[in-house]
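Trainee: Mind looking over this structure? Questions follow.
The values are calculated or read from the model by the stated rules, or taken from the named source; none is laboratory data. Note that the structure is a prediction, hence the values are computed from the model and not measured. So basically every Cβ, Gly included, is an ideal-geometry build from the backbone, and we count neighbours across all protein chains shown.
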């Protein structure tokens, strides 16, 4: 049975009809047309579905749509309201991605990291990115772009 | 991946409503972080008719310290544990454990109480709770009582919790006087992985040493024989071999996709030896710092 939920999505009040069984990731992609979060593994291992709920990162494949009733959800589209983020510019410069499927997850995670901790060490960056998988690059160019964004040395 | 089996969803704002719903619906399940539950729903491991989301219940997300005891509420996430000043002051080893749980986006959601309710053998919090003689606070809506953690786990994915009951929180008695702790988790690689084996040691001047292992038996194990041995013996080059022999009697690791039983057995011995050394160092010095990997 459909139920109406009210969610603040990327700064906009939205009313959405969802079934209790609908996964947040599917609601975002199929009902709201927000295609940046992607389904990689569907079980919380790969991180390409990462979005923010009330500013905190979650794997949207492990959240029910109905759970975010009354909450604030931000996807990469919302973070990019004022154009590219600094970390994205560094990623572009360093050619951080190849296929790009994992990119939204990495960008959302690095945004959260830099909000919580503007000067992370290399180790802290690695730790924050540990839940995101990239099968193309071997991670180095992604981590380097984040390091350049915050000017971190060691 | 979609969820095939239909269920209803409610998000009550008070406990009275939660217990009323639990009593009315035999196949109802409680939902907190959902990082295990929703995976299980997708894989049809569970087929509840009703999900009761407890995230709107006030007061369950607190970490409190009173009378030498730490109370961790049912909605406290692993990320909360990492950033709690109370945890850092009273038992930083809980933070050390929380840091090894999955990855940031899971820790933002997953709760410690959920972790022990799922009771998967490779859970991260099991060994820590055993080593602190934690007590699980259970309520059925009428009464609230504590159960010792050693009674809590019945087997893989099995606990003593009944359908009409809910875990309100976890109590950790903190040893009086100075104490130190160590938590080690062995994974296949640094970064997000389930545990192949875990080891927790707590050392206090007054209460001596306590040792526990996780992911190497159907439920977390408290190594009482080793604790007893260490009461009368110091850790040194001679006794370390006797301790390692005792480890073989305490744990029963299995072969699975993540490791062989021989590897687990071998590594637990090394993890224990290292943990004992670090616990002793930490009792006098703040080093090695809490929250970094020792493997």
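Trainee: Can you name every residue in the stretch A:38-61 that is in contact with a strand residue (DSSP E or B) (Cβ under 8 Å, 6 or more places away or on another chain) and buried (at least 24 other Cβ atoms within 10 Å of the Cβ)?
Mentor: A:44, A:47, A:49, A:50, A:51, A:52, A:57, A:58, A:59, A:60, A:61
Trainee: Another question, then. So which strands (runs of 3 or more DSSP E) are wholly in the stretch A:1-56 and hold at least 1 residues that are away from chain B (no Cβ under 11 Å)? Before the answer, list the steps.
Mentor: Values: elements: A:3-9, A:12-18, A:50-53.
By residue number, A:3-9, A:12-18.
Trainee: Output the residues belonging to the stretch A:62-86 that are in a helix (DSSP H, G or I), buried (at least 24 other Cβ atoms within 10 Å of the Cβ) and more than 9 Å from every other protein chain (Cβ to nearest Cβ).
Mentor: Those that are in a helix (DSSP H, G or I), buried (at least 24 other Cβ atoms within 10 Å of the Cβ) and more than 9 Å from every other protein chain (Cβ to nearest Cβ): A:65, A:68.
Trainee: Moving to a separate point now. Restricted to the stretch B:102-124, and to residues that are closer than 22 Å to residue A:123 by Cβ and in contact (Cβ under 8 Å) with a residue 24 or more places away in the chain, which residue is nearest to the other protein chains (Cβ to nearest Cβ)? Outline the logic, then answer.
Mentor: Narrowing the stretch B:102-124 to residues closer than 22 Å to residue A:123 by Cβ: B:102-108, B:124.
Next, from what is left, pick out any that are in contact (Cβ under 8 Å) with a residue 24 or more places away in the chain: B:102-104, B:106-108, B:124.
Working: B:102: 7, B:103: 2, B:104: 5, B:106: 6, B:107: 9, B:108: 4, B:124: 14 Å.
Among residues in the stretch B:102-124 that are closer than 22 Å to residue A:123 by Cβ and in contact (Cβ under 8 Å) with a residue 24 or more places away in the chain, the one nearest to the other protein chains (Cβ to nearest Cβ) is B:103.
Trainee: Is the stretch B:228-246 home to any residue that is outside the structural domain of residue B:121 (by TED's automatic domain parsing), buried (at least 16 other Cβ atoms within 10 Å of the Cβ) and under 22 Å from the mean Cα position of the chain (by Cα)?
Mentor: No: the stretch B:228-246 contains no residue that is outside the structural domain of residue B:121 (by TED's automatic domain parsing), buried (at least 16 other Cβ atoms within 10 Å of the Cβ) and under 22 Å from the mean Cα position of the chain (by Cα).
Trainee: Under 26 Å from residue A:4 (Cα atoms), away from chain A (no Cβ under 14 Å), outside any loop (DSSP other than H, G, I, E, B) and at pLDDT 95 or above: is that true of residue B:22 in this structure?
Mentor: Spelling it out, residue B:22 is indeed under 26 Å from residue A:4 (Cα atoms), away from chain A (no Cβ under 14 Å), outside any loop (DSSP other than H, G, I, E, B) and at pLDDT 95 or above.
Trainee: For the subset of the stretch A:108-121 comprising residues that are surrounded by fewer than 23 Cβ atoms within 10 Å (Cβ to Cβ) and closer than 12 Å to residue A:147 by Cα, which member is nearest to the chain's Cα centre (by Cα)?
Mentor: A:113
Trainee: Next question, about the same structure. Which residue out of A:105, A:131, A:100, A:138 is more than 14 Å from chain B (Cβ to nearest Cβ) and either under 13 Å from the mean Cα position of the chain (by Cα) or over 20 Å from residue A:55 (Cβ atoms) (or both)?
Mentor: Among A:105, A:131, A:100, A:138, only A:100 is more than 14 Å from chain B (Cβ to nearest Cβ) and either under 13 Å from the mean Cα position of the chain (by Cα) or over 20 Å from residue A:55 (Cβ atoms) (or both).
Each row is one residue, and each column tells you yes or no for (1) free of Cβ contacts under 8 Å to residues at least 24 places away in the same chain; (2) in contact with a helix residue (DSSP H, G or I) (Cβ under 9 Å, 6 or more places away or on another chain).
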{"residue": "B:12", "(1), (2)": "no, yes"}
{"residue": "B:18", "(1), (2)": "no, no"}
{"residue": "B:39", "(1), (2)": "yes, yes"}
{"residue": "B:48", "(1), (2)": "no, yes"}
{"residue": "B:55", "(1), (2)": "no, yes"}
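Trainee: Taking the conditions exactly as written (under 23 Å from residue A:23 (Cα atoms) and not in a strand (DSSP E or B)), does residue A:106 satisfy them or not?
Mentor: Yes; evaluated as a whole, the condition is true for this residue.
Trainee: Filter the stretch B:175-194 down to the residues that are in contact with a strand residue (DSSP E or B) (Cβ under 6 Å, 6 or more places away or on another chain) and within 14 Å of chain A (Cβ to nearest Cβ) and list them by number.
Mentor: Here is the first cut: in the stretch B:175-194, the residues in contact with a strand residue (DSSP E or B) (Cβ under 6 Å, 6 or more places away or on another chain) are B:175, B:179-186.
Result: B:185, single match.
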